[in-house]
Amino acid sequence: MDHIPQPFPTTRWSRIRFLREASGEEKRRALNHLLLRYRPALKTHLVCAMGFSPDKADDVVQEFIAGKIVEQDLVEKADQSRGKLRTLLRRALENCAMSVLRRENAQKRNPQNADVCSIERYEGPDPSENAPTDPFDAAWAREVIATALDQMKDYCLDSDRRDVWEVFRLRIMWPALDGRDPLPYGQLIQRFDLDSPSEAYNLLNTAKRIFRRHLRSVVGEYVESEEEIDDELRELRSVLSRSPALLDGDPT
Amino acid sequence: MKDHRKEIYDTESRRLARIVDAGHDPKEVCGEGELKAVWKHQLEAPLTSDLSISRRKLEEAQLDAQDSPVTFGHLLQSGNPPLALLEKVKDFGKASWASEESPLPPKIGTMLYFAAVAAARERCDTPITSLGRLQLRRGVKWCHEQEWVDPDTRALFKAYLKSTKKGLWPFSWLFGM
């Protein structure tokens with residue numbers, strides 16, 4: 001992953017603003033970071049909401065990134081007062097995907113005139129339909145959690161707190177991801193050589209606090225204020241609770 | 001180490017919400033089923049791990065710990081525990097209700113608080129709290145009823161409830177006293 005080292009996760013640092021102001025290598029890195037964060041969501045949206053095959057979705061995402069995001073500076077021109085970055089990316093991607101379909105359809109019917117537009121080939125569901133949870137949002141939520149955990153792990157290992165990472169993994173991640181029971185308390189105190197419940201409690205709380213900060217940091221990368229971060233966290237929770245099983249899993 | 005990124009993409013989203021929830025509930029650390037193990041660990045913990053007391057004070061206390069470190073269990077079961085130590089234990093337990101950054105699960109802190117109060121009353125015949133008699137009895141009764149409390153501490157609570165029953169209002173049982 002493209003991890004930008006930080007002593008501790010910062011919040012309220014908008015990468016969009018940074019993208020606008022940066023240049024050269026810094027800008028390239030910031031753009032790359034954004035693409036890493038949103039690429040899975042873009043692809044999932046094409047596969048699950050618009051009916052593209054995974055291979056075709058890869059091609060469309062690539063075209064979207066090269067044409068809209070890089071050449072046309074889509075993100076830098078984004079006006080955050082007019083909506084979330086996620087919404088902007090999703091709509092722009094849908095437009096791009098429709099253009100690709102029209103172009104390919106026109107090429108098939110009239111190879112000499114590739115510019116004739118048609119949407120006859122598009123047979124997927126209407127992406128504007130108000131589904132319980134948009135696949136794009138569901139994929140975004142997964143990416144947020146995965147990135148927060150990546151960053152938490154890096155932070156714990158870099159700061160010589162493997163115990164904090166391990167206790168989070170064994171008590172919280174394991175049960176959530178694998179459905180296993182959390183590491184029993186008796187084994188926990190033996191494994192980490194804890195003298196008293198207050199030490200165990202402190203270790204667990206530290207782990208949760210660090211995860212919480214990293215989660216806020218990741219969610220806060222592309223928004224401006226603490227209030228927006230709180231809104232995004234509520235939405236993250238809501239998206240995860242509403243996602244039906246068919247949207248689960250990596251479309252790749 | 002396992003690759004959690006792949007697992008996150010393979011896991012049902014509702015289960016991922018539990019990770020988010022866990023990160024947002026600082027009080028939710030151990031489940032009810034673990035309180036017995038946590039309480040046992042608390043009794044086995046050296047007093048010095050949680051309380052700011054010097055070794056000299058502990059030696060003066062002459063608790064029956066032989067060569068091992070003096071633990072919370074030693075203190076609470078001692079026939080003649082030093083009041084100053086019981087007060088420290090009581091305050092340590094109380095801190096678990098009072099702050100978000102509490103050092104203990106609240107139920108363990110509550111148990112510790114009332115165990116110290118009961119020990120002071122039963123072994124030293126001295127009150128170490130300003131709580132009223134009925135409030136104390138209600139708290140001790142709650143502790144006595146917890147399935148996860150050890151037999152020795154339960155016996156201490158039972159003795160407290162018995163010795164403080166005299167002189168109660170005749171219909172106090174109606175109010176769970």
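The values are calculated or read from the model by the stated rules, or taken from the named source; none is laboratory data. Owing to the predicted nature of the structure, the values given are computational and were not obtained by experimental measurement. Here Cβ is always computed from backbone atoms with ideal geometry, including for glycine, and neighbour counts include all displayed protein chains. We work out accessible area using only protein heavy atoms, side chains counted, and drop any ligands, DNA or RNA first. Shrake-Rupley method; radii C 1.70, N 1.55, O 1.52, S 1.80 Å.
Laid out as a table, the results:
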| quantity | calculated |
| --- | --- |
| Count - residues of the stretch A:171-197 that are more than 11 Å from every other protein chain (Cβ to nearest Cβ) and surrounded by 15 or more Cβ atoms within 10 Å (Cβ to Cβ) | 1 |
| Search result, residues across the stretch B:110-166 that are in contact with a Cys (Cβ under 8 Å, 6 or more places away or on another chain) and part of a loop (DSSP other than H, G, I, E, B) | B:149 |
| Number of positions in the stretch B:56-78 that are at pLDDT below 90 and open to solvent by 50 Å² or more (accessible area, probe 1.4 Å) | 10 |
| Every residue from the stretch A:14-26 that is closer than 18 Å to residue A:67 by Cα and modelled with pLDDT of 80 or more | none |
| Residue in the stretch A:223-243 that is of a type outside the set (Lys, Arg), in contact with a Cys (Cβ under 6 Å, 6 or more places away or on another chain) and open to solvent by less than 10 Å² (accessible area, probe 1.4 Å) present | no |
| Among the candidates A:160, A:79, residue that is at pLDDT 85 or above, more than 14 Å from chain B (Cβ to nearest Cβ) and open to solvent by 50 Å² or more (accessible area, probe 1.4 Å) | A:160 |
| Count of residues meeting criterion [of a type in the set (Phe, Trp, Tyr) and either more than 17 Å from residue A:94 (Cα to Cα) or within 8 Å of the chain's Cα centre (by Cα) (or both)] in the stretch A:133-149 | 1 |
| Residue within the stretch B:30-49 that is over 19 Å from residue A:197 (Cα atoms) and at pLDDT below 90 present | no |
| Residue that is nearest to residue A:60 (Cα to Cα) [pool: residues in the stretch A:123-145 that are surrounded by 17 or more Cβ atoms within 10 Å (Cβ to Cβ) and either more than 14 Å from chain B (Cβ to nearest Cβ) or modelled with pLDDT under 55 (or both)] | A:127 |
| Complete set of residues in the stretch B:8-18 that are in contact with a Leu (Cβ under 8 Å, 6 or more places away or on another chain), at pLDDT 85 or above and not small (Gly, Ala, Ser) | B:8, B:11, B:15, B:16 |
| Evaluation of residue B:81 against (1) closer than 17 Å to residue B:157 by Cα; (2) open to solvent by less than 10 Å² (accessible area, probe 1.4 Å); (3) assigned to a helix (DSSP H, G or I) (one fails), failing number | (3) |
| Helices (runs of 4 or more DSSP H) within the stretch A:152-252 that include 1 or more residues more than 18 Å from residue B:14 (Cβ to Cβ) and in contact with a helix residue (DSSP H, G or I) (Cβ under 6 Å, 6 or more places away or on another chain) | A:162-168, A:185-191, A:197-219, A:226-242 |
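Here is a yes/no grid of residues against (1) open to solvent by less than 60 Å² (accessible area, probe 1.4 Å); (2) not acidic (Asp, Glu):
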residue: A:20; (1), (2): no, yes
residue: A:23; (1), (2): no, yes
residue: A:40; (1), (2): yes, yes
residue: A:44; (1), (2): yes, yes
residue: A:48; (1), (2): yes, yes
residue: A:51; (1), (2): yes, yes
residue: A:56; (1), (2): yes, yes
residue: A:59; (1), (2): no, no
